[in-house]
1. Check D:73, D:29, D:37 and return the single one that is more than 11 Å from chain C (Cβ to nearest Cβ), within 18 Å of residue D:106 (Cβ to Cβ) and surrounded by 23 or more Cβ atoms within 10 Å (Cβ to Cβ).
2. Identify, by number, the condition in (1) within 24 Å of residue A:174 (Cβ to Cβ); (2) surrounded by fewer than 19 Cβ atoms within 10 Å (Cβ to Cβ); (3) more than 14 Å from chain C (Cβ to nearest Cβ) that residue B:208 doesn't meet.
3. Residues in the stretch B:87-98: is at least one touching a helix residue (DSSP H, G or I) at 6+ places or on another chain (Cβ under 8 Å) and within 14 Å of chain A (Cβ to nearest Cβ)?
4. Among the residues of the stretch D:15-22, is there at least one that is under 20 Å from residue C:192 (Cβ atoms), more than 8 Å from chain C (Cβ to nearest Cβ) and assigned to a helix (DSSP H, G or I)?
5. If I filter the stretch C:39-51 for residues that are within 19 Å of residue C:176 (Cβ to Cβ), at pLDDT 90 or above and in a loop (DSSP other than H, G, I, E, B), do I get at least one hit?
6. For the stretch D:212-243, which positions are in contact with a helix residue (DSSP H, G or I) (Cβ under 7 Å, 6 or more places away or on another chain) and not in a helix (DSSP H, G or I)?
7. Any residue at all in the stretch B:191-198 that's closer than 17 Å to residue C:67 by Cβ, in contact (Cβ under 8 Å) with a residue 60 or more places away in the chain and part of a loop (DSSP other than H, G, I, E, B)?
8. What number of residues within the stretch B:40-70 are more than 14 Å from chain C (Cβ to nearest Cβ), closer than 21 Å to residue A:236 by Cβ and within 16 Å of the chain's Cα centre (by Cα)?
């Protein structure tokens, strides 16, 4: 999200602040996001629909992004880092370390869930891993859902937090609300995940891998579509590749 | 909503940026709004009242408006464009292209819903089309509801995003919350729609036209009432036509 | 709420803008608030607790206040006007006209509810009038509840929108959230109303006056307590009457 | 939270404004927080999950913090004061008076709950005291839950309201949303409390002390962990103790 507050310029960051701290921030932010999200799924009340998981996953993004955006950009999601990299919004050297930190954060968050949750609930809900897809017939809509919703999410991230012409101080709120509404809209079809780190962490800890690949392939295709839309259609002059 | 950030002036926009891109933005914004709204209706949980559809339709406006307002104003609603045009807030030449783009966006969004939703649910809920009015006796309250709620929505749009004296950076949040509360308040009477593009898209895709005209006539009357109130009573000096 | 945006000074307001328009704004704002609130009560879904009425009443304050605060302050509540007058935040001559406009707005809002709601639901719920208190034993807690919650609400109004040292651009959001949480917290005890115009309008239209006085006495006592706390304890130097 | 608005400098505060008023603000803020929180628990509707208590506790923080942050910082929580003191964000002399004021505020808030609530509900729910832990087996997860969630909350407080590099005007919103999501995520395991004043007040008034110590020990450990993380890992140059 890379917003730099003019009143607090990062000055000369030393090596710790340039390379180590951002990765630690991504790890911490991803761990917080995955922990809080998995807890909301594992300990969800019966009969209240998708309201609780949607609000918890989505709204957690506001404090996480505001706390960490001036340190690492607070991506906390491999496809967010990939999309921002594809539209030229982050240093090449940091892409792989960020993604590794996010996946490790996901595992840490899921492990903390195991420590804090009721263990019977943890087992029933596979520790917050995505257990919605049970049969091959569900793959089509689930994949479509992940692709469309991830595209929508990443367009919002790129337009409100990276693209110069449309950047806004409301970016953390916009991204958070997009996650809330995406989960309420597509929750019964695929989750939706929109974030491989959120899928990977609990899959490792609960050792639940059924149709896990959908939560990598869907978000990655969404990432490509959103990057193409930004690069060729709606991005501003600094990003768009034609007609400028 | 036509707000121009003084730090990022649009400079000299070329023909793509002046005429093509705004229409693409309206199409994309309307498609996102209709897709996410229809999904929330088609896949709604039983027994949670109107909370999910209200939050999804309303809150989706924040990211859509913030992402696109510097490109096209992010109307994503024919009666919003018409009201802003009636109070002198947009170029004459763009009114018809905007409305065409919004209706096409509505169809695209409804088509994406068909691709991503569970097909049994899609059929039961007519793909998110408004199926509340079943008998002629319901027309009166439904029409009254659409008129009053659309008037309220368009007054908020015009006062917080166009009228100089009352314009605010909180405009996207105000408009979003108005949609949330309007749906919670009038959801059992008429939907409410307040947006012909939202009604038209799923009506085309699901081929469901019962009492469809109510969702054009109601919002249009609300549009006229709100424009008259702004032009003659509560608008500021740049808009109000008398006593200035 | 009286916040003046330095970029858009009201310049020289003419008599229409100084005396007539603010009263029309109070009437319109109160009508919108009472209409949307009563609709949310009359058409509430069964079994979803207080979430819908609380969100509708509270969140409606954000668009209403942002739309009208530069015109009239957007009090839309007699005890808000009284509290702001008691701490020196409004012109003496406008107090009575504001309160009359708010009460007329309440009646108009309740009448619109009668037009738009399902008439069976309208009768069952007394058109949104407060029908919680059925017996004399309930008066004590209900009155206590109204007093404490109105005090809390008016302290937030005065501290975030009037008091120089603590004024904030988040005032509309703070006031809205206070109404949301007050209704969730005290909804089963007294409503809570915290606004005589909200109680008066539907009482007139539905002709329902049982224990109506509680919704005048409670808010008025809360108004006095909050004004005393501001004037003598926590107000800033411009408002506090001692130790400055 | 200690944010000073440059437009309204506190000028020269007199002894009342420097020492007495901040403690009164902490007392009033804590009383409001505990009253509204306990009411939401005591009068909660059946079958709506954790949505109401989570929204009430969390969202109440926005108006309380915005109203009082320029007076006392609006900690309203002993471990918030302790964490801010540990990272060098408040005067040494005020730590003990703040904590005393917060605990007295908690008792006052719980006493007001007794006055306003239905007395049968008050007894059933122990006046809003935390009655979730019934057996020794529950202590482990409950303690883990309190520690992790308090750590998360205090990191958000320190990063968004104290740490220079990441401070934000959205701090009150971030802190409020963290409380909302923490309660939705961990509500069935330990409450969660994250605030000894919130636990202490109703425990005194309802005289309910079963496993009360968990709500002191958990938040205190979370406070230490978050302070260590800020001081040694993610804090900015003014706070971090190494590699700067």
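1. Being more than 11 Å from chain C (Cβ to nearest Cβ), within 18 Å of residue D:106 (Cβ to Cβ) and surrounded by 23 or more Cβ atoms within 10 Å (Cβ to Cβ) holds for just one of D:73, D:29, D:37, which is D:73.
2. Among (1) within 24 Å of residue A:174 (Cβ to Cβ); (2) surrounded by fewer than 19 Cβ atoms within 10 Å (Cβ to Cβ); (3) more than 14 Å from chain C (Cβ to nearest Cβ), the lone unmet condition for residue B:208 is (1).
3. So far as the stretch B:87-98 goes, no, none of its residues is touching a helix residue (DSSP H, G or I) at 6+ places or on another chain (Cβ under 8 Å) and within 14 Å of chain A (Cβ to nearest Cβ).
4. no
5. There is no residue in the stretch C:39-51 that is within 19 Å of residue C:176 (Cβ to Cβ), at pLDDT 90 or above and in a loop (DSSP other than H, G, I, E, B).
6. Across the stretch D:212-243, the qualifying residues are D:212, D:239, D:240, D:241, D:242, D:243.
7. Yes, the stretch B:191-198 has at least one match.
8. Summing the residues that are more than 14 Å from chain C (Cβ to nearest Cβ), closer than 21 Å to residue A:236 by Cβ and within 16 Å of the chain's Cα centre (by Cα) in the stretch B:40-70 gives 6.
The values are calculated or read from the model by the stated rules, or taken from the named source; none is laboratory data. Given the structure is predicted, the values throughout are model-derived calculations rather than measurements. Counting neighbours? That spans all protein chains shown, and the Cβs are built from the backbone with ideal geometry, glycine included.
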